[in-house]
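**Q** Sharing a structure, written as C-alpha cells. Questions coming.
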Amino acid sequence: MKIVSTIAETRAAVRAAKAAGKTVGFVPTMGALHAGHISLVRAAKARCDYVAVSIFVNPTQFGPSEDLARYPRTFDADCEKLISEKVNLLFAPSVEEMYPAGASTLVIAEGISERLDGHSRPGHFRGVTTVVAKLFHILDPNVAFFGQKDAAQAAIIQRMVRDLAFPVDIVVCPIVRESDGLALSSRNVYLSAAERKQALVLSRTLREVETRWRAGERDSARLIEIARRVLLSEPEVRLDYIEIVDPASLEAIANISQPALVAVAAFVGSTRLIDNLLLG
Ligand code: AMP
C-alpha cells in the first residue's frame, strides 16, 4: 500500500492507475477503522481494480463543543488493517494540506443539510460536503463507497453528486453491527461497560418500530410514539431525535406508503450515537 499525504502525490498515483486502465474505488474515512469501514473497503475491492482510502479527521464537520480534539486516532493500526485488505493507496493529509490558509469556499446542499443530524449539529453537513467534494476532486474516483450507518450523509452526498454532476457512482453499503445489535462506530470506544449496555436501546428501538411496521402500522406519529417509549425505558439515555423520513430527501413522512428511513440519535452519557433502519 502506498501511503501519501499530499494532493500532488495522490493525483499522480491515481492518474497512473487510470492510465493503466484501472477503475478507481474510493472509501473516505476519519480513521479509527473498524469492521464497518472494512466492509466498505471490501465492497470497493470487489467492484474496482484500484482502491484508495482516505483518513482525515475533518475539523470543519465538528461543532465548537464537539469531540474533534479527543476523536480516536489509531493511524498505525489503521494502516495494518488496510494493508491486510490489500488497499492500493492511503491518502492521509494534514489539515493544512486540505485547508490552505484563507480557504473560504464551501459546498452546501441547501435545505437537506439542515435535516436530521444537520438540525442537531448546525454546519456539520456543509463540512462534510465541502471535504467530500474536495476529496473527489483530488482522487477522481469512478466509484465511492459510503455506509448506510450515516444515512443522512449518504443522501446528502448523493444529492451533491447529482446537483454538481460529479462523474462518480455512489455505493451505499449496509450497516455493520455487533452480534448484540450495536452499530459499529469509532465513537463506541468512548462508552463505559455500563453505557455500552445502555446503548443497545437504539437498535432495540429500531427493531420495535420494524416489528410494528411489519404488523401493519403505517402511521409515523404512532410509530415514533412507540419508539420514544422504548427509548425512555433506558433512563440514562437522552434522546436527540427519532424521525421517519424519505430516504432521499430526508423530509418527514406522515404515512408510510413508500420506503422510509427511521433515524435515531441519542446521547449515552456524553457520547452521541446514531442508528437507523430502512422500512420497505
Ligand atoms: P467515519 O470514519 O465515521 O467518517 O466513517 C467512514 C465511512 O464508514 C462512512 O461512509 C460511514 O457511514 C461508514 N461506516 C461507519 N460505521 C459503519 C458501520 N457500522 N457500518 C457500515 N458503514 C459504516
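All of the numbers you see were taken from the coordinates with simple rules; none came from a lab. All of these numbers come straight from a predicted model, not from anything done at the bench. A quick note on method: Cβ atoms are made from the backbone with ideal geometry, for glycine too, and the neighbour counts reach across all protein chains shown.
**Q** Please find, in a Gaussian network model of the chain (springs between Cα atoms separated by less than 10 Å), the residue of SER84, SER39, SER185 whose mean-square fluctuation is greatest.
**A** Answer for the Gaussian network model of the chain: SER84.
**Q** Got the relative contact order for the chain handy, in percent, Cα pairs under 8 Å and 6 or more residues apart?
**A** Relative contact order of the chain: 17 percent.
**Q** Straight distance only, please: which aspartates and glutamates reach the Cα of LYS86 with their own Cα at less than 13 Å, same-chain residues fewer than 8 apart left out?
**A** Hits, sequence-local ones excluded: ASP49, ASP78.
**Q** Placing +1 on the Cβ of each Lys and Arg and -1 on the Cβ of each Asp and Glu in the range 96-222, which of ASN142, THR105, VAL201 has its Cα farthest towards the positive end of the resulting dipole?
**A** VAL201
**Q** Sticking with this structure for a sec: Relative to the longest principal axis of the C-alpha atoms of the chain, give the angle of the C-alpha long axis of helix 75-84, reported between 0 and 90° and rounded to the nearest 10°.
**A** Between the helix axis and the principal axis of the chain, the angle is about 80 degrees.
**Q** Using the alpha-carbon atoms, what tilt in degrees (0 to 90, nearest 10) does helix 124-139 show relative to the longest principal axis of the chain?
**A** Between the helix axis and the principal axis of the chain, the angle is about 30 degrees.
**Q** So what's the gap between the Cα centers of the range 64-83 and the range 227-280, to the nearest angstrom?
**A** Spelled out, the Cα-based centre of one part sits 27 Å from the other.
**Q** Can I ask one more? Shape verdict for the range 63-191, please, from the Cα gyration tensor: rounded (a/c under 1.5), prolate (a/b greater than b/c) or oblate.
**A** Here the range 63-191 falls in the rounded category.
**Q** Here's another thing I want to ask about it. Over the Cα atoms of the chain, compute the convex hull volume and normalise it per residue, giving Å³.
**A** Given the Cα convex hull of the chain, per-residue volume reads 132 Å³.
**Q** If each residue's Cβ is checked for other Cβ atoms within 10 Å, how do HIS37, HIS124, HIS119 rank with the fewest at the top?
**A** Ascending number of Cβ neighbours within 10 Å: HIS119, HIS124, HIS37.
**Q** Taking 37 °C and 0.692 mPa s as the conditions, I'd like the Stokes-Einstein D for the range 22-108 in µm²/s, using the Kirkwood hydrodynamic radius from alpha carbon pairs.
**A** Using the Kirkwood radius from Cα pairs, D works out to 231 µm²/s.
**Q** Answer rounded, prolate or oblate for the range 47-90, using the Cα gyration tensor with square roots of eigenvalues a ≥ b ≥ c: rounded when a/c is under 1.5, else prolate when a/b is larger than b/c, else oblate.
**A** oblate
**Q** To the nearest 20 debye, what is the magnitude of the charge dipole of the chain about its Cα centre, counting +1 on the Cβ of each Lys and Arg and -1 on the Cβ of each Asp and Glu?
**A** 500
**Q** Give, to the nearest whole percent, the P(r) tail of the range 164-206 beyond 15 angstrom, counting all Cα pairs.
**A** In whole percent, the long-distance tail amounts to 54.
**Q** Under a point spin-label approximation (7 Å from Cα along Cα-to-Cβ), what is the ALA248-GLU178 distance to one decimal in nm?
**A** Result: 3.6 nm between the two label points.
**Q** Quick one: plug the Kirkwood hydrodynamic radius of the range 150-280 (C-alpha pairs) into Stokes-Einstein at 20 °C, 1.002 mPa s, and report D in µm²/s.
**A** So the translational diffusion coefficient is about 138 µm²/s.
**Q** Compute the separation of the alpha-carbon centres of the range 144-182 and the range 6-43 and state it in Å as a whole number.
**A** With the range 144-182 and the range 6-43 each reduced to a Cα centre, they are spaced 16 Å.
**Q** Let me ask you something else. Determine which lysines satisfy two conditions relative to LYS134: a Cα distance under 20 Å, and not lying fewer than 8 residues away in the same chain.
**A** In chain and number order, the partners are LYS18.
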